[in-house]
Amino acid sequence: MAWEVAHAETFPLDLGRAPKKIRNAWTKAVLPVLRDRPDVSAPPKVKKLQGYRELWRLRVSDEYRLIYRVELDSKLVIVLMLDHRSKVYDRLGMDENGTPGSRIVADAQHLLEKEPTAAEVGLAEMQKGSRDDDQSPEPDKPLEKPLDLATLTEWGVPEKYRPRLLAVRSEGQLLSLCSEIPESVLETVLNGLWPATIEDTFQQPTRVASDPAELLEVAEKGRDLESFLLRLDPEQKAFLGRFEEPTPVGPWLLKGGPGSGKSTVALYCMVALAARAQSQLPLGQRPTKILFTTFTHSLVNAAAHLTRSLGIEPGRVVEVSNVDKLAYTDLPSEWKRRTVLNERESRTRATEALAACLLDTRGFSFTRSDIEFLMDEIDWVLVGQDLDNVDEYVAAERSGRGRAMNESQRRSIWLFWTELKRILGKENECLFSQRLQAAAHHTKARYDFVFIDEAQDLKPVAIRYLARLCTNGKNVFLTADSNQSIYGSGMSWSSVAKDLNFQGRARILKRNYRTTHEIWRALSQLAPVEGNADKETLDVETVYSGPYPSLVLHSDGADRTRRLNEYLHQSLREERLPVSCAAVLCATNKEAEEVARALDPMFNALAMSSRKADLSHPGVKVLTMHTAKGLQFPVVAVVGVEAGRLPSRVPEGMDEAEHLMRQRRLLFVACSRAMRRLAVFAARNRPSPFLDEADDEFWEVEPA
């Protein structure tokens with residue numbers, strides 16, 4: 001049985017910088033060894049690295065060495081680094097004896113074959129000395145070795161970008177070129193100047209390719225690294241196994257916290273179904289149809305990009321869409337002619353209906369101050385649960401709604417809803433949730449499998465609508481985490497789960513592959529704490545480590561801008577990343593536009609709405625917290641975490657506890673977009689009450 005070959009995320013950059021003859025050797029000489037007997041010493045070509053756990057070295061040529069890791073139990077090889085022999089051993093932290101040096105013994109004991117004693121660690125820390133200070137980046141620090149034409153040519157930098165790079169003299173100048181030089185080229189140069197150490201590679205995700213030879217396409221800039229799926233762990237693989245069976249039957253519910261890989265696993269499962277459908281289609285039979293749907297436009301765009309990169313063109317076997325777009329296609333013609341009201345218009349009609357109820361109904365239970373609550377109750381319970389009559393509503397499950405309703409109050413709400421529907425029908429208008437309900441009643445099944453990502457933010461009627469699109473109502477796959485519900489009410493899943501009967505088919509992913517241990521510990525102080533919080537998805541194991549997150553307390557707007565610029569400068573330099581790897585998250589679109597205008601021009605910042613989120617933009621992304629849902633960035637700043645802004649004012653008539661629950665989940669979701677660096681910004685004189693528990697045990701608190 002041949003060994004499987006995977007790769008660290010930065011390995012294609014190493015491969016791309018190597019000379020042409022070394023890249024050619026990747027498929028002709030290197031892969032045969034890795035697939036056959038990578039765990040057998042064959043000096044001088046292949047040998048185990050002395051003192052390192054599971055690390056091996058392959059001699060690719062007289063000058064170049066490949067470092068890889070062997071996992072015997074799973075017969076997996078992970079290629080980590082490829083470099084000239086004059087550099088690769090320094091990246092390994094190796095001493096003159098060919099064994100792990102002081103850097104590894106002091107800071108990376110997990111790489112060692114044998115655990116060092118306390119005395120050995122102490123000695124290594126002394127020997128390491130001031131190395132860390134010498135390596136710390138500074139904006140005006142000159143490049144250790146100026147870029148020259150021969151080096152840029154060897155790294156494969158296109159000729160048209162070389163003059164601009166040759167003029168660079170400092171680290172800051174290099175990072176400021178994001179708007180002039182493509183990100184892929186800038187990454188090649190950054191990796192060439194500061195290639196990842198062995199410690200760095202162990203902090204990176206592992207990716208897999210159906211054919212490792214395809215890594216040459218990434219190395220030579222013909223393919224995006226994101227087109228390769230992340231490697232699954234044993235728990236995730238076990239779930240995927242259900243979709244590799246001849247006739248997989250659902251429904252399936254996959255739960256997990258931020259960064260647990262729910263969406264990645266869903267994509268793997270979809271790809272497994274699609275690949276089999278494309279390869280085993282009998283003559284004359286219609287192709288299997290698979291729907292992958294999620295809540296936001298930005299997530300739909302990301303999923304479509306990935307499926308296309310994996311060789312599955314959306315449209316034939318797989319369709320990627322959001323619920324709103326699908327629902328419109330299924331509307332009866334009379335509903336397509338109705339005007340969908342916005343929030344302000346809906347409130348106006350609701351006020352009319354409430355006035356009629358107060359005039360005509362003795363003892364009506366609600367007043368004008370309850371408008372927000374009443375409209376939310378319609379969206380999430382009456383229409384959301386697709387209730388047909390008042391008796392169904394009286395008996396309906398409302399746990400998680402925050403505001404208890406007795407039978408008399410429920411009957412008053414039903415009267416209000418009846419009057420509001422009459423007014424809307426008279427004006428040929430409708431609520432958006434009504435249109436979704438109409439589509440659910442009118443749709444015809446047309447997909448063999450339906451995947452619903454981020455299901456916690458969909459109303460129950462939306463999930464039922466999507467399930468009705470499936471020819472076999474059982475073949476529905478949901479990913480969800482109620483702690484990340486930023487649109488919903490926090491209602492229980494019981495009504496949906498009963499319909500789909502997930503018993504025995506639900507799984508919880510327990511490892512966090514996105515956020516560092518330090519950030520996740522700090523987030524535990526911001527996590528949802530209300531009674532219906534899902535504690536199972538908060539109890540996770542983190543994989544990576546990094547610096548503590550920062551809590552920045554600023555004095556005014558100018559101080560915030562200055563310190564936000566400093567944070568982005570420092571974080572990107574220390575991580576040696578292009579500016580496109582950073583995001584600033586705001587409460588509103590207006591604030592996002594203000595922040596983007598205020599940032600240093602070198603960041604090429606762009607404010608983005610959900611419908612126009614351009615993840616390929618070569619600069620800092622400035623997004624609302626809602627738009628960032630489902631996304632991740634190495635460097636994240638969350639701004640405006642202040643009383644009166646987050647949490648915002650309680651809408652009139654809405655239950656205060658329920659509003660605070662939603663707002664707390666929104667902050668939790670925003671902060672959990674961070675992979676390596678996180679900073680939360682708040683005014684010193686009015687920090688959000690959500691930050692009351694954030695202390696210097698888990699946060700670097702920076703007062704104004």
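Does residue 664 count as touching a residue at least 60 places away in the same chain (Cβ under 8 Å), closer than 27 Å to residue 454 by Cβ and assigned to a helix (DSSP H, G or I)? Judged against the criteria, residue 664 is a match. Take residue 662 and tell me if it is more than 23 Å from residue 403 (Cα to Cα), of a type in the set (D, E, K, R) and open to solvent by 10 Å² or more (accessible area, probe 1.4 Å). No. For region 515-533, the candidate set comprises residues that are at pLDDT 90 or above and in a loop (DSSP other than H, G, I, E, B); within that set, the residue that is farthest from the chain's Cα centre (by Cα) is 516. For region 233-258, a residue qualifies if it is of a type in the set (A, V, I, L, M), open to solvent by less than 50 Å² (accessible area, probe 1.4 Å) and in contact (Cβ under 8 Å) with a residue 60 or more places away in the chain, and the qualifying residues are 253, 254.
Taking region 91-120 only, how many residues are part of a helix (DSSP H, G or I), more than 21 Å from residue 194 (Cα to Cα) and open to solvent by 30 Å² or more (accessible area, probe 1.4 Å)? The qualifying residues number 5. Name the single residue, out of those in region 600-630 being open to solvent by less than 10 Å² (accessible area, probe 1.4 Å) and in a loop (DSSP other than H, G, I, E, B), that is modelled with the lowest pLDDT. Taking the candidates together, the pick is 629.
Candidates are the residues of region 553-567 that are part of a helix (DSSP H, G or I) and of a type in the set (A, V, I, L, M, F, W, C); the one that is least open to solvent (accessible area, probe 1.4 Å) is 564.
When the residues of region 241-296 are filtered to those that are aromatic (Phe, Trp, Tyr) and under 27 Å from residue 542 (Cβ atoms), the one that is modelled with the lowest pLDDT is 295. Inclusion of residue 596 among residues that are touching a strand residue (DSSP E or B) at 6+ places or on another chain (Cβ under 7 Å), assigned to a helix (DSSP H, G or I) and without any contact (Cβ under 8 Å) to a residue 40 or more places away in the chain is warranted. Examine region 205-214 for a residue that is of a type in the set (D, E, K, R), open to solvent by 10 Å² or more (accessible area, probe 1.4 Å) and at pLDDT below 85, and state whether such a residue exists. Yes, some residue in region 205-214 is of a type in the set (D, E, K, R), open to solvent by 10 Å² or more (accessible area, probe 1.4 Å) and at pLDDT below 85. Search region 319-346 for residues being among the basic types (Lys, Arg) and at pLDDT below 90, and hand back the single one that is surrounded by the fewest Cβ atoms within 10 Å (Cβ to Cβ). Checked region 319-346; the qualifying residue surrounded by the fewest Cβ atoms within 10 Å (Cβ to Cβ) is 344.
Of the helices (runs of 4 or more DSSP H) that lie entirely inside region 1-40, those containing 1 or more residues that are polar (S, T, N, Q) span 20-25.
Name the single residue that is most open to solvent (accessible area, probe 1.4 Å) among those in region 36-55 being more than 15 Å from residue 69 (Cβ to Cβ) and of a type in the set (Lys, Arg). In this case the residue turns out to be 37.
Out of everything in region 66-81 that is open to solvent by 10 Å² or more (accessible area, probe 1.4 Å) and touching a residue at least 24 places away in the same chain (Cβ under 8 Å), what residue ends up being nearest to residue 211 (Cα to Cα)? Selected residue: 75. Only a single criterion out of (1) within 15 Å of residue 641 (Cβ to Cβ); (2) in a helix (DSSP H, G or I); (3) open to solvent by 20 Å² or more (accessible area, probe 1.4 Å) is not satisfied by residue 591, namely (3). Taken over region 4-24, the residue count meeting the criterion of being touching a residue at least 12 places away in the same chain (Cβ under 8 Å) and open to solvent by 20 Å² or more (accessible area, probe 1.4 Å) is 7.
The values are calculated or read from the model by the stated rules, or taken from the named source; none is laboratory data. Remember, predicted model here, so these are calculated numbers, not experimental data. Cβ sites come from the backbone with ideal geometry, for glycine too, and all protein chains shown count toward neighbours. Heavy atoms of the whole protein, side chains included, go into the accessibility calculation; ligands, DNA and RNA do not. Shrake-Rupley method; radii C 1.70, N 1.55, O 1.52, S 1.80 Å.
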